1. Against the definition (out of contact with any His (no Cβ under 7 Å at 6 or more places or on another chain), of a type in the set (Lys, Arg), touching a residue at least 40 places away in the same chain (Cβ under 8 Å) and surrounded by 12 or more Cβ atoms within 10 Å (Cβ to Cβ)), how does LYS702 come out, yes or no?
2. If only one of ILE293, ILE342, ILE350 is over 26 Å from VAL679 (Cα atoms), in contact (Cβ under 8 Å) with a residue 24 or more places away in the chain and in contact with a strand residue (DSSP E or B) (Cβ under 7 Å, 6 or more places away or on another chain), which one is it?
3. Being of a type outside the set (D, E, K, R), in contact (Cβ under 8 Å) with a residue 24 or more places away in the chain and out of contact with any helix residue (DSSP H, G or I) (no Cβ under 6 Å at 6 or more places or on another chain) narrows it down to one of MET489, MET534, so name that one.
4. Select from the stretch 406-431 the residues that are touching a strand residue (DSSP E or B) at 6+ places or on another chain (Cβ under 7 Å) and not β-branched (Val, Ile, Thr) and list them in ascending order.
5. Looking only at the stretch 315-355, count how many residues are among the β-branched types (Val, Ile, Thr) and under 21 Å from the mean Cα position of the chain (by Cα).
6. Evaluate the following for THR467: is it under 52 Å from the mean Cα position of the chain (by Cα) and under 17 Å from LEU514 (Cβ atoms)?
7. For the stretch 530-578, name all the residues that are among the polar types (S, T, N, Q) and touching an Asp or Glu at 6+ places or on another chain (Cβ under 8 Å).
8. Taking LYS229 as meeting all but one of (1) modelled with pLDDT under 90; (2) surrounded by 14 or more Cβ atoms within 10 Å (Cβ to Cβ); (3) basic (Lys, Arg), write down the number of the exception.
Amino acid sequence: MKEYANPQKGAKLILDFESKEVFLVMRSKNTPAIVKVYLDDKLQDLKALKDKAKDELVSLKPFKILSELEYHNFSLKYGEVFEAGTGAEILRQLFQIVDLKKEIKKIKAGLEEVSPLARRKLLARLKFFQSMESAGVRPEWMFLTMLPVLPPDLRPMVQIDGGRYASSDLNDLYRRVINRNNRLKYLLEIAAPDVIVRNEKRMLQEAVDALIDNKMRKGTMTQATTGGKRLLKSLTDMLEGKQGRFRQNLLGKRVDYSGRSVIVVGPELKLHQCGIPKKMALELFKPFVIHKILEKELAFNVRGATRLIEEETDEIWATLEEVTKDKLVLLNRAPTLHRLGIQAFQPILIEGEALRIHPFVCRAFNADFDGDQMAVHLPLSEEAQKEAREIILSTNNLLKPATGLPIVSPDKDIVLGCYWMTRMLRGKIGEGMVFGSKSEAMLAHEFGLVDLKVPIQLRINDKFIETSVGRIIFNGTLPENFAFYNEVMGAKNLERLIRGIFEEYSRDIFHETLDKIKALGFEYSTLSGITWGMNDLIVPEEKKAIIEAAEKEIAVTELHYQKGLLSKEEKRDKAIEIWNKVKSDIEKLVPKTLPSEGPVFQIVDSGARGSWNQPVQMAGMKGLVVNPAGETIELPVKHSFKEGFDVLEYFISTHGARKGTADTALRTSTAGYLTRRLVDVAHEVIVSEEDCRDGDGIEIFKKEADDIGQNLIFKILGRTTLDDIKVKTDKGNTKTILKSGEIINWKVAETIVTGRLPGSDWQCTPYWRRGWWW
């Protein structure tokens, strides 16, 4: 209500705003003269007041947010007309009146009339409302009217020395909620002022927020009263992250009969073996050792057997050997990014404290020997041991799941040894000698008549071929009836050879061949004496002239820019083009400068380690680098690492190193999170049969592989055909090269892609397409 009075007459005019309207007389355009006379000159003020009050009242709509000052003014003026509130209570009342069906209908009606950005927001809102309706959830259920309390076992309190108590942080957080709730209850009972009650409600809300998630409010996080003012661990902190309840205790648990140690290489091991330190094995196999001791009557109870184990007598080690003979253990290296991160091995007892693994399984584990650690687990039951032997054993996991190609293949020292022994060098003793058999050539080499690497003539299948004693020795490791492999055995040739043996021979022969190649590679890489020193890196003599010529070109480009013949962008592009050509020229010079018998050339050329890009930077020039934004810096690094950088070159080259380190860390966390999400969504997938006999497949085109820069072989390798693969011969007949339901191996994949089967008179188109099963 508002009252206005004429001080001369003492009369009052009452303005009633309850219906958002004013008294009828005041709305009349043709106001009687008597009213004008009676009100004197206040009529215009009253009209202005009416208009202002009307605008204010009309602006008060549901869900409008008012500031503290606006609320205070409105409550004084129109306290009986509107209702407003603050805190969770008023929000709960508003949520109670929400009709989900009406809201969904309203959003659907307005989707066509809004901009794309607003449409995206509306769609998110629609999805949220539809999900709530289908789940039978009401919006007001988001507000807590009662707070559940965690059982005492999950928030323990224990007494420590001195009569004090060590308590879970949750107890402190619950105590704050209880104290503030009781205080609010008392304030409401004594009808305390609204300001005090509102402040107490705010404090209660903060206490509940801190209990649920203490990191929710950045400015008001609850700290412990003792222990260096640390943040208290809330319910959310107990659940989330790597140390949370789900990932720490539910998805994975600590297990008994497991150990952990640093790994070292075990070149003497076979593919299915691993070396376990004796002391670790004794602890892992303790129950089995005790059982065997009691069985042999070396002791008469468990306590006596345990005492014998602690004394580590000779009988104990003999018993341990006996127990471990037919057992398998699981080795795991974190992070386990694919199924080959866990494999089963037969334990071999060794001295020392480090685990030993076969060098060929390093690629599957992504392991190296610079301090990596691995965990070892013992499957206890007969069923678990059987599963480990039939499924998880390393010799049963030879293919990479991603590509279908063998993941066990020689690398590093083994490749270098095989490469060194199979290279042919002229000018040594015995060059050009002719031998009728491999044994003759080997005998001549043993007597010192023929060098390991000189070309000789050898008779094979009534034909003479040029080969060397080194190649004869290498072929001695290959299976019987395997064709004589007369090539330099670098990394690529070894990989091709391993793939061929895998497809043509049994698993036992394949494992045996791998171990023979491993032993031979290690032996001859040692005999080669290849090592690496700074003096082995030779800077090309032509480099200086190439750099000087480029600098002259840059000077000409700068002159053209100063004269206005080139824009700034054109000058920059020209400079980058010049220096890229310089880098390309030096890249060609470095391999020619290095001696072919030198260690750098042999290590890179064999594929044992690195690529030509690294010697080019070490002995040639580093070249152009990029800034943190990914743009190429116009100024090149002209020196090589051997020559040393100047100050400017050093600092501009640090951008890439810093960015690389940051990107690696970011990619690692992103990949880990993606893997976890993939595992979560795949939990409900159950594979109950090997062949679902589905009649549908996917079509694979050569163009699709070309578009992503992938060889078609890798796109079809390992897949299963939906139909027979038939091709036409030159005579017009059809020939089936693979039947329906068969897996495409490397040979068939090569046939499809190259369009020719070796030794046949037919062709197939490389654009061939067919459906496949996954």
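1. It is true that LYS702 is out of contact with any His (no Cβ under 7 Å at 6 or more places or on another chain), of a type in the set (Lys, Arg), touching a residue at least 40 places away in the same chain (Cβ under 8 Å) and surrounded by 12 or more Cβ atoms within 10 Å (Cβ to Cβ).
2. Being over 26 Å from VAL679 (Cα atoms), in contact (Cβ under 8 Å) with a residue 24 or more places away in the chain and in contact with a strand residue (DSSP E or B) (Cβ under 7 Å, 6 or more places away or on another chain) holds for just one of ILE293, ILE342, ILE350, which is ILE350.
3. On the way: MET489 fails: out of contact with any helix residue (DSSP H, G or I) (no Cβ under 6 Å at 6 or more places or on another chain).
Going through MET489, MET534 in turn, just one is of a type outside the set (D, E, K, R), in contact (Cβ under 8 Å) with a residue 24 or more places away in the chain and out of contact with any helix residue (DSSP H, G or I) (no Cβ under 6 Å at 6 or more places or on another chain): MET534.
4. Going residue by residue through the stretch 406-431, those that are touching a strand residue (DSSP E or B) at 6+ places or on another chain (Cβ under 7 Å) are 406-407, 430.
Matches in the stretch 406-431: PRO406, GLY430.
5. The first filter runs over the stretch 315-355 and keeps only residues among the β-branched types (Val, Ile, Thr), leaving 316, 319, 323-324, 329, 336, 342, 348, 350.
Subsequent filtering for residues that are under 21 Å from the mean Cα position of the chain (by Cα) retains 336, 342.
Residues flagged as among the β-branched types (Val, Ile, Thr) and under 21 Å from the mean Cα position of the chain (by Cα) within the stretch 315-355 amount to 2.
6. Details: under 52 Å from the mean Cα position of the chain (by Cα): yes; under 17 Å from LEU514 (Cβ atoms): no.
The answer is no for THR467.
7. Within the stretch 530-578, none qualify.
8. In the conditions (1) modelled with pLDDT under 90; (2) surrounded by 14 or more Cβ atoms within 10 Å (Cβ to Cβ); (3) basic (Lys, Arg), LYS229 misses (2) alone.
The values are calculated or read from the model by the stated rules, or taken from the named source; none is laboratory data. In this text, all values refer to a predicted model and were calculated from it rather than measured experimentally. When we count neighbours, we look across all protein chains shown, and the Cβ atoms used for this are built from the backbone with ideal geometry, even at glycine.
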